[in-house]
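Quick note: the coordinates plus some simple rules give every number you see, no bench work behind them. This structure is a prediction, so every number in the text was calculated from the model and none was measured. Note that each Cβ is placed from the backbone with ideal geometry, even for glycine, and that neighbours are counted across all protein chains shown.
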Amino acid sequence: MTKPNAPLVRALSGEPCTPPPMWLMRQAGRYLPEYRAVRAEVPSFLDLCLDPVRAAEITLQPIRRYGFDAAILFSDILVIPYALGQQIAFVEGEGPRLEPITTDQDVARLDAGPAADRLAPISETVSRVVDALPPEIALIGFAGAPWTVASYMIEGRGSRDWDRARHFLIREPQAFVRLSDLVVRSTTDYLCRQIEAGADVVQLFESNAGVLSDDDFEIAVIAPTKAIVTAVKKAYPQIPVVGFPRCAGALIDRYVRGTGIDAVGLDTTVPLDWAAQQLQNQCPVQGNLDPLLLVEGGAKMRDRVDRIMAAFSKGPFVFNLGHGVIKTTPPEHVANLVALVRSWPDGEAWREE
Ligand code: CP3
């Protein structure tokens, strides 16, 4: 059951809130000593994502420390390839490594059958977090968006320009669509299970949105995202779906119009005034402080927070970063950020030291 009175849900339903609700992408993670302590207990990161007791604990850590308006389920976008039977490991200091998909036969070997069972522990994490959260704090479920997940599956690892994945889309368009359809179906089911277990909002992370031509963006981002959003909203019309098409540039407008998402996450590069005029009149916006300004802290962070708040505070808005918290972020800077946003424009935190 959703929480209609939680500030996050109100803002995502179109209501301007003062102060805006806030949470941070990657708010649970390596910048927090309490995360590192739990992380050290489990050698494999994937096992940590599938451990409901520890994953629930990690989800709650930033809530206890900072009192954000939302918790985000602790998991990873790459649990979908795992659930589909692709070999995956998270290598310390290097990031994820998957057995790359290079042919149509590789796609055919993936199996959606056991996916729901493999991801069942994550629904249990959601239930545990829901039981522990106060009523005004929302829980955000999430999944990777289809292109980002498919591009990791094809490439087998992170990449700067995603050439292998883009070439696969050009070379084997039908195999690509088969792969994308499989990701769409398993992601839809996975998100619905998170909502059944108690997630109040869901977010799709399209981190690799910025490397496609407009035609490929239509095929690999818009159409499959629309399919997920349509199916989730058919089953759960009251649950807000947030889309985060990172670095999509001018295509963000088509993304908002074409996918059916309820709210859009803005990366650091989206111009504030343009977004306030062209996007915020279509849907609530969320973002977009540069995570490096959170590492830096102080007056530089404060000036930019002021700019962001001034641009968006008249409409429906959720304060967030433009990408995830960086691991070298001093935890006290996050506390300062919360105080700034909560007391904007003239509370205690805004007085010069
Ligand atoms: O936001 C949150 O606090 C929820 C948890 C979350 C994680 N990953 C935890 C994580 C979320 C929402 C993600 C999303 C994710 N994962 C994305 C999309 C957002 C983005 O950052 O662009 C992507 C592309 C991934 C894939 C992924 N997972 C990579 C590339 C890596 C390695 C890079 C790194 O930072 O180490 C991961 C691992 C990962 N996911 C960690 C965490 C806390 C670090 C693993 C560890 O602690 O050892």
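Around Y255, with a cut-off of 14 angstrom between Cβ atoms, what is the net charge of the other residues, counting Lys and Arg +1 and Asp and Glu -1?
On the way: positive: K226, R246, R254, R257; negative: E206, D214, D216, E218, D253, D262, D267.
Net local charge, Y255 excluded: -3.
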Self-check item: Alpha carbon centroid spacing (whole Å) that separates the stretch 273-320 from the stretch 35-90
Solution: 27 Å
Quiz item: When every alpha-carbon pair in the chain is counted, what percent end up more than 30 Å apart?
Solution: 33 percent
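Neighbouring Cβ atoms within 10 Å as the yardstick, rank H333, H323, H167 fewest first. Show your work: numbers first, answer last.
On the way: H333 18, H323 24, H167 11.
Going from sparsest to densest Cβ surroundings: H167, H333, H323.
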Exercise. Report the local net charge at R193: Lys and Arg +1, Asp and Glu -1, summed over other residues whose C-beta lies under 12 Å from its C-beta.
Key: -3
Quiz item: Over the stretch 150-260, what number does the Rg to Rh ratio reach, with both radii from the alpha-carbon atoms and Rh per Kirkwood?
Solution: 0.97
Quiz prompt | Computed over the stretch 228-304: relative contact order in percent, which uses C-alpha pairs under 8 Å that are six or more apart | solution = 26 percent
Quiz item: Please state the Cα pair-distance histogram of the stretch 74-226 with 10 angstrom bins from zero: what percent is in each bin?
Solution: 11, 40, 33, 13, 2, 0
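How much length, in nm to one decimal, is gained on full extension between R178 and A250, taken as 0.36 nm per residue of separation minus their Cα-Cα distance? If you can, show how the numbers build up before the last one.
On the way: separation 72, 0.36 × 72 = 25.92 nm, distance 2.77 nm.
My answer for the length gained is 23.2 nm.
May I ask you to list, by number, the DSSP H helices of the chain whose Cα span along the axis is at least 20 Å and whose average Kyte-Doolittle hydropathy reaches -1.0 or more?
Details: long enough: 52-66 (22 Å, -0.34); 115-132 (27 Å, 0.26); 173-197 (36 Å, 0.02); 298-312 (21 Å, -0.27).
Once both thresholds are applied, what remains is 52-66, 115-132, 173-197, 298-312.
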Quiz item: How about K226: which lysines have a C-alpha closer than 22 Å to its C-alpha, ignoring those fewer than 8 places off in the same chain?
Solution: K234
Quiz item: Could you name the lysines in cross-link range of K3, using Cα to Cα under 18 Å and dropping any fewer than eight places away on the same chain?
Solution: K233
Quiz item: For the chain, which longest stretch is free of loop sites, where a loop site is one of the trypsin sites (Lys or Arg not before Pro) that DSSP puts outside H, G, I, E and B and that has at most 15 other Cβ atoms within 10 Å?
Solution: 161-313
